[in-house]
Amino acid sequence: MSELTWLSTRELAGLMAAGELSAVEAVQDHFARIDEVNGTINAIVTTDPEGALAAARRTDEARASGQSLGTLAGVPLTHKDTHDTAGMRTTYGSPLFADHVPAGTSLIVERLRAAGAITTGKSNVPEFAAGSHTFNPVFGTTRNPYNTAKSAGGSSGGVGAALAAGIQASGDGSDMGGSLRTPGSFDNVVGFRPSNGRVPHTPPGDPWAWLAQTGVMGRTTGDVALLLAAVAGPHPLGPASIAEPGSVFDLPEFALGAAYEPSLSGLRVGFAPDLDGAVVAEPEVLAVVRSAAPVLEGLGARLDEACIDLTDAAEVFDVQRSYDFAALHGDKLRAHRGEIKDAVVWNTQRGLDLTVGQLVAKDRARARLMEAVEAFFAGHDVLVCTTAQVLPFDADLEYPEQIAGTRMETYLDWMRAATLISATGCPAVSVPAGFSADGLPVGIQLVARPGADVDLLRAAHAFEAATGFAQRRPPLPGE
């Protein structure tokens with residue numbers, strides 16, 4: 001194992017900026033770690049060593065000539081295989097796109113590259129990113145570094161496993177129904193779903209989309225802040241853009257060598273491990289989540305048992321998701337129905353069958369939910385609950401079919417702790433919170449009012465610093 005393996009992205013970039021490490025060395029180390037562990041976890045599905053090393057040499061030459069470089073200059077990163085990378089295969093986990101090489105590049109990848117990051121490959125996803133377990137017919141199943149018989153979560157499961165296994169310290173992902181947060185919980189890393197417009201939706205996708213969000217993951221909140229500083233900010237083709245620049249995430253407490261004493265003094269926290277009974281969860285998960293309460297109080301937070309009224313959240317999420325699936329996959333379904341996994345067929349057909357009445361009812365429900373969110377945050381700063389309702393489950397399953405004796409009727413039901421929060425439009429983050437008796441990770445989910453992403457990250461950082469759960473590494477080769 002290289003001494004670089006467990007450095008943060010911030011530390012790695014700092015070494016290169018100081019001239020103590022070359023980009024070529026960082027990229028070589030990155031690929032060496034992939035060779036060492038990827039055969040066990042199957043997190044990285046496409047690589048480009050030649051192209052990455054060429055980019056690294058250009059970075060080193062630019063630095064040697066005194067050019068001003070971005071904050072991520074020389075940092076090797078794989079990208080989620082649903083994020084387009086011009087000239088590099090992007091499959092979306094689907095056999096229909098097994099050899100697809102897009103002409104364009106997703107905004108988040110463009111912004112990471114503009115900050116100096118070096119693209120090295122792609123991380124695994126479920127087919128069309130549907131579901132919170134990462135498996136597909138093209139590349140197979142991604143496995144959890146903490147127990148390779150278990151799921152790494154999804155849909156950003158490839159990057160979650162890569163972070164946990166020391167391949168890279170941070171990375172990009174996306175989250176409609178928990179796709180950053182669930183792998184955050186399962187892989188003992190930080191998964192941050194931002195407010196709508198923080199990383200804008202732009203063409204060729206739907207610039208008015210709001211349910212799915214592009215975001216980031218990291219082994220630490222400091223690295224999440226570093227990537228957010230690079231990828232957040234308005235865009236002229238993003239009508240819902242938040243006007244604040246990414247630099248609002250350049251927080252002093254994250255600077256290398258900064259003195260930091262964690263505090264949540266005066267923070268008003270609604271503590272609802274099971275979302276006030278809105279979800280069913282495994283007892284061992286709830287026990288870990290409840291153990292966060294004295295930690296939060298010890299940091300000065302004021303806790304009460306309160307939750308957003310989520311009565312309308314399931315309707316909002318289910319109808320909007322179905323509509324979005326119809327928009328994304330309706331044409332594919334008509335042409336290739338037999339070549340698409342059942343869950344995607346079901347969700348897309350559900351969207352195609354929606355009536356105007358259902359869409360109107362959803363919009364009215366969303367308005368009521370917005371009022372419920374405002375009412376909650378009038379008296380609270382943060383909601384704390386479980387991220388996932390289960391421990392990482394058997395990787396050979398499609399999804400857990402029951403939780404604590406309650407049957408899950410669809411592939412979405414076991415993810416309700418995440419999907420209900422998605423419907424609110426609130427930013428949310430999963431932070432490592434502890435482990436089961438068998439050593440499986442559990443995260444807590446922190447939720448803030450829309451737009452309060454910076455304050456949310458600060459709260460997550462305080463909890464992270466006070467607990468140190470993210471420092472526990474998995475038993476993989478080289479450890």
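The values are calculated or read from the model by the stated rules, or taken from the named source; none is laboratory data. Predicted model only: the values in this text are computed from it and were never measured. Backbone-built Cβ (ideal geometry, glycine too); neighbour counts: all protein chains shown. Only protein heavy atoms, including side chains, enter the accessible area calculation; ligands, DNA and RNA are left aside. Shrake-Rupley method; radii C 1.70, N 1.55, O 1.52, S 1.80 Å.
Things worth noting here:
- Basic side chains Lys and Arg get +1 at the Cβ, acidic Asp and Glu get -1 at the Cβ, and with that the dipole of region 10-145 about its Cα centre reaches some 280 debye.
- A simple spin-label model places the labels of residue 100 and residue 404 3.9 nm from each other, with each point 7 Å out along Cα-to-Cβ.
- Using C-alpha pairs below 8 Å separated by at least 6 residues, the relative contact order for region 329-435 is 21 percent.
- The phi-based Karplus calculation (6.51 cos²θ - 1.76 cosθ + 1.60; θ = phi - 60°) puts the 3J(HN,Hα) values of region 435-443 at 9, 6, 4, 8, x, 8, x, 9, x Hz, whole numbers, x for Gly and Pro.
- Relative contact order %, the chain, counting alpha carbon pairs below 8 Å whose residues are six or more apart: 16
- Solvent-accessible area, 1.4 Å probe, carbon plus sulfur percent, for the chain: 50
- Heavy-atom accessible area order for 235, 79, largest first, 1.4 Å probe: 235, 79
- Taking amide hydrogens as placed 1.01 Å from N in the peptide plane, the amide H of residue 118 sits under 5 Å from those of 74, 75, 77, each at least 5 positions away in sequence or on another chain.
- Which of 208, 414, 6, 346 is most accessible, then next, and so on - probe 1.4 Å: 208, 346, 6, 414
- When the Cα convex hull of the chain is projected onto planes of every orientation, the mean area is 20.6 nm².
- Phi to ³J(HN,Hα) by Karplus 6.51 cos²θ - 1.76 cosθ + 1.60 over region 205-212, Hz, x for Gly, Pro: x, 8, x, 9, 4, 9, 6, 7
- Proximal aspartates and glutamates relative to residue 122, as straight alpha-carbon distance under 13 Å, when same-chain residues fewer than 8 apart are discounted: 48, 81, 84, 172
- Amide hydrogen proximity for residue 150: with H placed 1.01 Å from N in the peptide plane, the residues at 5 or more positions away or on another chain lying under 5 Å are 144, 395.
- Protein heavy-atom accessible surface, 1.4 Å probe, per residue over the chain: 37 Å².
- When DSSP beta bridges are restricted to pairs lying wholly in the chain, around 75% turn out antiparallel.
- Proximity of backbone amide H atoms, modeled 1.01 Å from N, is registered between residue 136 and 141 at under 5 Å, excluding neighbours fewer than 5 places apart on the same chain.
- ³J(HN,Hα) computed for each position of region 387-393 - Karplus, 6.51 cos²θ - 1.76 cosθ + 1.60, integer Hz, glycine/proline x: 7, 10, 8, 9, 6, x, 9
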